[in-house]
Amino acid sequence: MKLPLSWLRDYVDVELPPAEFAKRVTDAIAEVEGWEVIGEQWDPELVRVAEVLAVDPHPNADRLVLATVNVGDGPKTVVCGAPNVAAGQKVAFATEGAMLIDGHSGKLSKLKLRAIRGVDSAGMVLSEKELGLSDDHEGIIELPGDCAIGAPLVEAIGDVVFDVSTWANRADLLGIHGFAREVAAVTDQPLREPDRSWSESERSAGDFVSVTIEAPDLCRRFTASIIEGIEMGPSPPWMQQRLIRAGMRPINNVVDVTNYVMLETGQPLHAFDYDLVRGAEIRPRRARPGEKLTTLDGIERDLDPDMLMICDGEGPVAVAGIMGGGNSEVSESTKTVLLEVANFHPGSIRRTSTQLRLRSEASLRFEKGIGPDLARYAQDRALHLLEQVAGGRPAAGLVDAFPTPLPSPRITLPAARIEQVLGIPIEASEVRRILIALGFDVTETAGAFEVTPPFWRPDVALPDDVVEELIRIHGYENLPTTVLRGALPEAQPRPLERVREHARSLAAGLGFQEVVSYTLTSGEILSRVVASDDADRAAPLAATNPVASQHTYLRTSLRGSLLSAYAANRHHEDAAMRFFEVGVEYLPTEADLPHERPVLCAVLGGQRLERWERPGPERLDFFDAKGAVESLLSDLGVEGAFAAEGHHAMLPGHSATVSVGDEAVGVVAQVHPDVAASFDIEEPVFLIELWFEPLTRAIPERPDYAPPSRYPEARRDLALLVPADTPASALLDVIRTHRARGVRITADVFDEYRGEGVPAGQKSLALAVRFRADDRTLSEKDVVRVEQGLLRRLEQDLGATLRV
Amino acid sequence: MLSPILVSPLVDSDRKPDTPSNPLEPQSRVAPCEHQTGKVKTSPALHRAFAFGEPLPSARLSRSPTYNFTQPMSTIEAEVDALRTEALEALTQADGEAGREAWRADWLGRKDGRLTLRLRALKDAPPESRAALGKSLNELKATLESELEARRESARADALASLSADAALDVTLPGRPQSLGRLHPVTQTMNDCIDAFAEMGFRVFEGPEVEWSRYNFDAVRIPDDHPARDMWDTIWIDTLIEGERQILLRTHTSPNQIRVMEQTEPPVRVIVPGKCYRQEATDATHEWMLTQIEGLAVDEGVRMSDLKGTLYAFARRLFGEDRRIIFHHSYFPFVEPGVEMAIDCFLCRADGSDCRTCHGTGWIEILGAGMVHPEIIENAGYDSSRYTGFAFGVGIERVAMLRWGIEDIRHFYQNDLRFLRQF
Ligand SMILES: [Zn+2]
């Protein structure tokens, strides 16, 4: 909302500089987003108010005139090219040296006077553009008639216009008078009322029109007044100036008055041309099926029976509370005006304006909720102004349909509640001062305040609503900082989140960069990584109104996001890259919220960096990915088992399922080169996925512990020949489960070899085997015996032979 | 790790004669470097090991001497003098540590060192000269041992000097790259926020990102036809449940106020981190996917001053101990009273300049907060005359932008390494 300080000052004195005023308003009332100072560059000596005394033709130019002006020190002659200059006007007048906007270049420059077509000019009569008020350079600006001759222009029409953002429940703040009331309360100044007096003619409004509310649930009150003898024309300069500063375009005196009063009071009004209202009757009712109305903006609107219409004897003449119809619009020929000031159900106005996609200044106010009593107030003010600026003669009285006036709510605020909510008490005298300044009625009873909010504050309904009024005006700076007291709630165990966060920091520690991707993706990207027969993932949830089409689907896999990030970064990264993301897969469920399945997804690939920070010849491979998984699981206190298994979008033969105990907990694999290529990745890239739900189940609460052995272990390196398709894990499984004479055997693979010296169809695996007993130092003989037994077992189970 | 300087004597017995035994010849680039940096300390135990080293095989096979002990005293002295001269001369000629070791084996080897054999043969010497001869030979042995040690010490000192001078490193050359990952700046900031509130006893709770509209809106007092809905432009999910559009991407973490209170009894003290979504055009300060942390404390005796104290502690923890905060009036349908909190601008310190962050006001808006609306307390089944509470919501991206001076919110979810690796 635009809030011109000059207008605000009609109702409350404000002496604060703009920055201080803005801060006080923001602290207690509404957020000031900025302000514009009008007339900052107008030198008080050089730019002043003048009166045009006479206008004569220029002797040497048809399109120029000689204006005689008075700036308070005798007549001066000025050459002027404006078509609208006329005797009797108050104008803005500048003399040599004034800083003005150049009409042609648009830049601020110093006025230099020179003879124009042979006639000297004593100064310049200014347009809005030269004053920096608008781009209008066609004619001079005509000042309000009450400007004093010779006064500095900045004093006459200078201003500060604040840009204020108000609240969704406060229609009253969208009226400058309502805003002034708050300023008065905050600055402890008196509030002045606008003049609402008007004189009645003999005929009563009821003789002109009848009002019948047919939908009292949607139309709570409808007042109509009649103004005869309207002289249509432009509104006076002071009114136009205010409308412009408040952000509205002047139209004509009648429409301008309705807008002016709306800006002033927050109550929307609508003027009909009385002679176009058919049947001399007004019927607020629901639209009938198929009804249409062309609104003032020239658009034909399809109406539906949930919408409230203002109808005359024959049909709709306005969409209630939103916009009038073209069929009853005031125009140059209007003689009699029917002025509607009504009150509508806020939700209905909002629904209708949403449906019609038609937001107006009126609907923005109605939908926030306006007290019905404001209608009368606004009628009075508008009639006063119409009498003044449009020569109107109001008929006596109002036609007022107000089926069920609501009683004012009474709120009992226990004094103790103030301290209970805020932590500080507020003195009774301060409570009264604040509430009365805001227009509330307040009486004190034993230990409580009986509060009646004013009609313009339908948002105040509960004791705590009143507490807010008190503390914001009292000042939040008076609220101390204290520390929460009382017992702490019990901690709920959150094992999955603990594992997830642990994994997140481990992944970073293992050299993976965390990324966070948009969770809405495109169907096309998902289809590259999700199997079409994957029931959980192939039919993702879609957004009805995505911000962009590539963000339509809630991802059912993180793989596409990671591969996209990999590909995008490959454009500027030469060497190996490792990324991971922790997120959820949104898996649709029947008639419920989706299952948000937490996963960690990582991708890696590229050439390892050399000492000299250049990519070396060696690429990351499957075992880098697997090693990362092993480290991660190991730090989580478990050991993973890796079984060759194909996965969608992964390269067969280079893909494994990771499991812990009985739970499959993830995937490690090379991304299928075709899939990688679909992301424009032309190098081997590897993927890790860990599923936190089964992983959390598989992690023991405490890791196994055994004290370090006091006895040394014996190590033997063995090279074993096995069929080429025997996985190393098969050997390790046999070794791990082999039991002999209380000797523990553990083993690691440290080499795999095929080629010269190894028969075709076989491979050689080098194992470091360690033997240890818990109760003794093993003798050479013990070790040899156990080793022999182990070798026999390996040969029986797997056909493994010692390579010699 | 030990440097080869100290390791080599210990492995004497396994070493082939042609193994480079000069400890000062750099065998790898690592060892001298470590040595230079003073990581490796000489230990007395390792020095002693020299004396017990096995002789080299070559020395073992070289001779089988016999001695005549019947000479007179002067002859004995002359012979010992000759031995000394020969031995010391040979030591001067000994080249490198290998040469010194061969010399040691030759003269002092335990099995067949020349001096060792002479000492062993003492028992065959005539009793009248045995004592004098023994004394001389033992003196000679001590001399040879100390000379050897002196030689070794000086060689080591020379080598160290050369390592420090001739083999000095260009320390400005690049280090060997290590693989380093980082947490996303939003994660880092979130973790710091969680830590700050956890210190004040807040527990973490999480709720779904895809949410019922009744939780996201109706339950927090934002009915369908209320203009407050304009504060949250919503991305809806295109799935009808019972013929109605009922699910959406949560626009804020506030529905979790309801979820928490439904599940627990007071006292409640939780924070709820998570992603939120807005149907919004993006620009430098607006992003459609964002990360929030919601706070909620409900109990008997929870006051708005506690809210201020809690947020004050948070602000100082995140933005510096000298931060100040202010509340100003605001409106959120689910709190009453409602405020926004601002911190004093730590960038311009309100010097009145054209500060991009605070726009010259000296204050930076950080978060929205307020006292939980009594209707929400009642709807949770708590008695609102007894229980009060506060709630707040922090935008994590905003906090991160302020901390690091990030100028455009759209950087966060582009996943560009050039951005991410700066945090
Ligand atoms: Zn600043």
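The values are calculated or read from the model by the stated rules, or taken from the named source; none is laboratory data. Predicted model only: the values in this text are computed from it and were never measured. Neighbour counts run over all protein chains shown; Cβ positions are idealised from the backbone, glycine included. For the accessible areas, the whole protein counts, side chains as well, though only heavy atoms, and no ligand, DNA or RNA atoms are used. Shrake-Rupley method; radii C 1.70, N 1.55, O 1.52, S 1.80 Å.
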- Message: Students sometimes get this wrong: rank A:Met307, A:Met248 by accessible area, probe 1.4 Å, all chains present, largest first.
- Response: A:Met248, A:Met307
- Name the residue farthest towards the positive end of the dipole of the protein assembly as shown from the options A:His474, B:Gly309, A:Val529, assuming +1 on Cβ of Lys and Arg, -1 on Cβ of Asp and Glu, about the Cα centre. A:Val529
- Message: Output needed: percent of Cα pairs per 5 Å distance bin for region A:680-785, bins running from 0 to the one holding the longest distance.
- Response: 2, 9, 14, 13, 14, 15, 14, 10, 6, 2, 1, 0, 0
- Item | FRET efficiency, 1/(1 + (r/R0)^6) with R0 60 Å, evaluated for A:Glu45 and B:Leu173 via beta carbons | 0.25
- Task: Note down the nm distance, to one decimal, between modelled labels 7 Å out along Cα→Cβ at A:Gln388 and at A:Ser134.
- Result: 2.1
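Could you work out the relative contact order of region A:411-477? I mean the mean sequence separation of Cα pairs under 8 Å and 6+ apart, divided by the number of residues, in percent.
Values: 69 pairs, mean separation 26.2, N = 67.
Answer for region A:411-477 is 39 percent.
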- Item | Normalised alpha carbon radius of gyration of region A:495-698 [divisor 2.2 N^0.38 Å] | 1.00
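How large is the charge dipole for region A:742-804, taken about the Cα centre, if only the Cβ atoms of Lys, Arg (+1) and Asp, Glu (-1) carry charge, to the nearest 20 debye? Don't skip to the answer; put the middle values down first.
Numbers: 11 positive and 11 negative charges, 26 e Å.
So the dipole magnitude of region A:742-804 works out to roughly 120 debye.
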- Volume per residue that the Cα convex hull of chain A spans, once the total is divided by residue count, Å³: 291
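Once you average over the residues of A:609-615, how many Cβ atoms of partner chains fall within 10 Å of each Cβ?
3
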- Item | Angle between chain A longest axis and helix A:463-474 axis [Cα atoms, degrees, rounded to 10] | 70
- Amide H contacts under 5 Å for B:Leu367, restricted to residues at least 5 apart in sequence or on another chain and with H modeled in the peptide plane, are B:Met341
- Counting only heavy atoms of protein chains, what accessible area per residue, in Å², does region A:205-401 have with a probe of 1.4 Å? 35
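For region A:47-157, what number results from the quotient of the Cα radius of gyration and 2.2 N^0.38 Å? Don't skip to the end; give the middle numbers.
Values: Rg = 12.8 Å, N = 111, 2.2 N^0.38 = 13.2 Å.
Expressed relative to 2.2 N^0.38 Å, the Cα Rg reads 0.97.
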- Rounded to the nearest 10, the angle in degrees between the Cα long axis of helix A:18-28 and the longest principal axis of the Cα atoms of chain A comes to 60
- Solvent-accessible area of B:Phe319 with every protein chain in place, 1.4 Å probe, in Å² to the nearest 10: 20
- Query: Under a plain spin-label model, where a point goes 7 Å from the Cα along Cα-to-Cβ, how far apart in nm are A:Val119 and A:Gln607?
  - Reply: 8.4
- Taking the simple approach of a point 7 Å from Cα along Cα-to-Cβ for both B:Glu89 and A:Arg697, what is their distance in nm? 8.8
- Item | Lysine-lysine proximity count for chain A, Cα under 28 Å, sequence distance 8 or more or distinct chains | 21
- Principal-axis tilt of helix A:253-265 within chain A, Cα atoms, nearest 10 degrees: 60
- Accessible surface ranking that places the most exposed of B:Asp195, A:Asp775, A:Asp533, A:Asp662 first, with a 1.4 angstrom probe: A:Asp662, A:Asp533, A:Asp775, B:Asp195
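Please compute the contact order of chain A in relative form: average sequence separation of alpha-carbon pairs under 8 Å and at least six residues apart, divided by the residue count, as a percent. Please list the in-between numbers first.
Values: 1635 pairs, mean separation 64.7, N = 804.
Reported relative contact order: 8 percent.
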- Message: Going 7 Å from the Cα of A:Glu33 along its beta-carbon direction, which residues of region A:131-167 have the amide nitrogen within less than 17 Å of the resulting point?
- Response: A:161-167
- Interface B/A, total buried accessible area with a 1.4 Å probe, nearest 100 Å²? 7700
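If you take every DSSP beta bridge fully contained in the protein assembly as shown, what fraction is antiparallel? Give it as a percent rounded to 5.
Working: 184 of 191 bridges.
Once the DSSP bridges in the protein assembly as shown are tallied, antiparallel ones form about 95 percent.
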- Message: Could you derive backbone 3J(HN,Hα) for region A:53-61 from the dihedral phi with the Karplus parameters 6.51, -1.76 and 1.60 (θ = phi - 60°), listing whole Hz in sequence and x where the residue is Gly or Pro?
- Response: 8, 7, 10, 10, x, 7, x, 10, 8
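Need the full-extension length gain, B:Lys135 to B:Arg156, defined as separation in residues times 0.36 nm minus the C-alpha distance. One decimal, nm. Intermediate values should be presented prior to the final figure.
Numbers: separation 21, 0.36 × 21 = 7.56 nm, distance 3.15 nm.
Result for the pair: 4.4 nm of gain on full extension.
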- Note on the structure: Dividing the alpha-carbon radius of gyration of region B:292-349 by 2.2 N^0.38 Å, where N counts its residues, gives 1.22
- Is there a simple number for the mean count of other chain Cβ atoms within 10 Å of the Cβ of residues in A:586-595, and what is it? 4
- With every protein chain present, what accessible area does A:Asp774 have (1.4 Å probe, heavy atoms only), rounded to the nearest 10 Å²? 90
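Between A:Gln355 and A:Ala461, what is 0.36 nm times their sequence separation minus the Cα-Cα distance? Round to one decimal in nm. The partial results should precede the final answer.
On the way: separation 106, 0.36 × 106 = 38.16 nm, distance 2.94 nm.
Computed gain between A:Gln355 and A:Ala461 is 35.2 nm.
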- Task: Could you pull the accessible area for A:His595 with a 1.4 Å probe, rounded to 10 Å²?
- Result: 70
- Evaluate peptide A:361-371: per residue, the Cβ atoms of other protein chains within 10 Å of its Cβ; return the mean as an integer. 1
- Ordering A:Glu477, A:Glu340 by the accessible surface of their heavy atoms, 1.4 Å probe, largest first, yields A:Glu477, A:Glu340
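Report the full-extension gain for the segment A:Ser109 to A:Asp674: residue separation times 0.36 nm, less the Cα-Cα distance, to one decimal in nm.
Residue separation times 0.36 nm, minus the Cα-Cα distance, leaves 196.7 nm.
When the accessible area of the protein assembly as shown is split by element with a 1.4 Å probe, what percent falls to carbon and sulfur?
On the way: 27300 of 55270 Å².
For the protein assembly as shown, the apolar C and S fraction of the accessible surface comes to 49 percent.
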